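**Q** For reference, the structure I am asking about is given below.
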Amino acid sequence: MADGEAHHDWLIRPGQDSEGGGIIALIRACWSNYPGITMDVDREMPELRALGSYYVGQGGQLWTAEAGGKVVGMIAVRPTDPTSWEICRVYVDPSLHGSGLGHALLDTAEGHAIPAGAERLVLWSDTRFERAHRFYEKRGYVRHGSLRVLNDISNSVEFGYVRAVGGGTG
């Protein structure tokens, strides 16, 4: 999907720093379904207040999905080395799970990273996010490597996923 293209009831476009409040509200809504996950933006995620610049500054890109003036989805991607790109911050408003928005967001991020030379895509997902794991596996991502312990206030532990994509060939 091209940037700015409308699909269903949402619009996916490059994320802006001014959307920090909407991004924080979206993540909070997603995390609220999981006991024990605490959000402390100032202490652990201050970058959420200017996330567009944060990812652009790392050579990547952030996209948000908007519907009715509200941020209802997001995804980011950044290079980790010349041939590997990390998919980051994949969130869809729980009311839109199953709507296709997650696929559209992932298509957008992959469509940016692959032509930029990604030969493999990696991502990390909290071990509690079982629905997300099923989604990533459906999309060809394979659980790989050891667990990552974040030592954050939510005691997060993450699974790593990888997908070989063969840079530039799709």
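The values are calculated or read from the model by the stated rules, or taken from the named source; none is laboratory data. Predicted model, so just to flag it, every value in this text is computed and none were measured. So basically every Cβ, Gly included, is an ideal-geometry build from the backbone, and we count neighbours across all protein chains shown.
**Q** Would you confirm, using the coordinates I've provided, whether VAL41 is closer than 30 Å to GLU119 by Cα and either among the β-branched types (Val, Ile, Thr) or modelled with pLDDT under 90 (or both)?
**A** It is false that VAL41 is closer than 30 Å to GLU119 by Cα and either among the β-branched types (Val, Ile, Thr) or modelled with pLDDT under 90 (or both).
**Q** Next question. Could you list, in sequence order, all residues of the range 114-130 that are surrounded by fewer than 18 Cβ atoms within 10 Å (Cβ to Cβ) and either of a type in the set (Val, Ile, Thr) or touching a Pro at 6+ places or on another chain (Cβ under 6 Å) (or both)?
**A** Within the range 114-130, THR127 is the sole residue that qualifies.
**Q** Any idea which residue in the range 7-38 is farthest from PRO94 (Cα to Cα), counting only those that are of a type in the set (Asp, Glu) and at pLDDT 90 or above?
**A** It comes out as ASP17.
Here's the yes/no breakdown for (1) touching a residue at least 12 places away in the same chain (Cβ under 8 Å); (2) under 15 Å from the mean Cα position of the chain (by Cα):
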{"site": "ARG131", "(1), (2)": "yes, yes"}
{"site": "ARG143", "(1), (2)": "yes, no"}
{"site": "LEU150", "(1), (2)": "no, no"}
{"site": "SER154", "(1), (2)": "yes, no"}
{"site": "TYR161", "(1), (2)": "yes, yes"}
{"site": "GLY166", "(1), (2)": "yes, no"}
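**Q** Would you mind stating whether VAL122 is of a type in the set (A, V, I, L, M, F, W, C) and within 16 Å of the chain's Cα centre (by Cα)?
**A** yes
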